[in-house]
Amino acid sequence: MNVSIEQIKFDGQGLVPVVVQDANTLEVLTLAYMDAASLKKTIETKETWFWSRSRSSLWHKGETSGHTQRVTDIVVDCDRDALTVFVIPNGPACHTGAQSCFHETLQEAKGLSDQPSEAKYDLGVVLNDLYALIESRKRDRPQDSYTTYLFDQGLDKILKKLGEETSETIVAAKNEDPDALVKEVSDLLYHLVVLMVERGLTLDQIRSELVSRGKMRDAQ
């Protein structure tokens, strides 16, 4: 069923809570609030806009950080008093640099399940978290960090390490050692993400290219 903005039940302050989810991994990224104006701007621009309760003003997600969120769908709950917005994030959702604002575990809730959440360890989530971490290393340059060392040395050093890891991956594959190959592929992916951050390339750009190639094959 399609629901219009006029049918949404905004609260006494004219706001509705919004759960923002990654459209690819379904990871919950943040909880925010929208009023009618920010919801309309979200639809018009296809990027998330919210109402800041602390500043009492509209704000565009990523307006200062560049970490915008491209909207793919908006779903209204059954009572029409809450929204879920599915997005393709261009960087971390949290101001701390974490991919999701929900990255801390309630102490009293530990041990509720012996099995880790599958979504938490989805490869897409892991890559997004890795990208966010490496991006923060480039920005903050903490001491005694290997990633900081790579960025301090510059592009040539990063490319050299990427070449070395590529060669080591090939050797591991030739030797038919599955465990060694897993380690080398992981090292290769890490250094590839370092290169992406160094050159300003995002995971979303890679995703879009791969999706485009899939659509081209389907059309052939």
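When all alpha carbon pairs of the chain are counted in 10 Å bins from zero, the resulting P(r) reads 7, 25, 30, 24, 10, 4, 0 %. GNM, the chain, Cα, under 10 Å: largest mean-square fluctuation among ALA173, ALA132, ALA98? Most flexible of the set in this elastic network: ALA173.
The accessible surface of the chain, taken with every protein chain in place and a 1.4 Å probe, is 52 percent carbon and sulfur. Within a straight-line Cα-Cα reach of under 18 Å, LYS46 can be paired with the following aspartates and glutamates, leaving aside sequence neighbours fewer than 8 residues apart in one chain: ASP22, ASP35, GLU63, ASP73, ASP204.
Projecting the Cα positions of LEU203, TYR131, THR48 onto the charge dipole of the chain (unit charges on Cβ atoms of Lys, Arg, Asp and Glu, taken about the Cα centre) puts THR48 furthest along the positive direction. Only Lys, Arg, Asp and Glu carry charge here, each on its Cβ (+1 for the first two, -1 for the last two); on that basis the chain has a dipole of about 780 debye about its Cα centre. When only the Cβ of Lys, Arg, Asp and Glu is charged (+1, +1, -1, -1), the dipole of the stretch 20-77 relative to its Cα centre reaches about 240 debye.
Applying a length cut-off of 30 Å (Cα extent along the axis) and a mean Kyte-Doolittle floor of 1.0 to the DSSP H helices of the chain leaves no helix.
With loop membership from DSSP and a limit of 13 other Cβ atoms within 10 Å, the longest segment of the chain without GluC sites (Glu not before Pro) is 1-62. In terms of distances greater than 26 angstrom between alpha carbons, the cross-link table entries LYS61/LYS138; LYS138/LYS174; LYS40/LYS138 yield LYS138/LYS174; LYS40/LYS138.
Computed over the chain, relative contact order equals 15 percent, with contacts defined as Cα pairs under 8 Å that lie 6+ residues apart. If you run the Gaussian network model on the chain, springs between alpha carbon atoms under 10 Å, then out of GLN107, GLN143, GLN205 the most flexible one is GLN107. For the chain, the longest piece that avoids every one of the trypsin sites (Lys or Arg not before Pro) found in DSSP loops with at most 15 other C-beta atoms within 10 Å covers 111-220.
The values are calculated or read from the model by the stated rules, or taken from the named source; none is laboratory data. As the structure is a computational prediction, the values presented were derived from the model and not from experiment. Counting neighbours? That spans all protein chains shown, and the Cβs are built from the backbone with ideal geometry, glycine included. Just the protein is used for accessible areas: all its heavy atoms, side chains included, with ligands, DNA and RNA removed. Shrake-Rupley method; radii C 1.70, N 1.55, O 1.52, S 1.80 Å.
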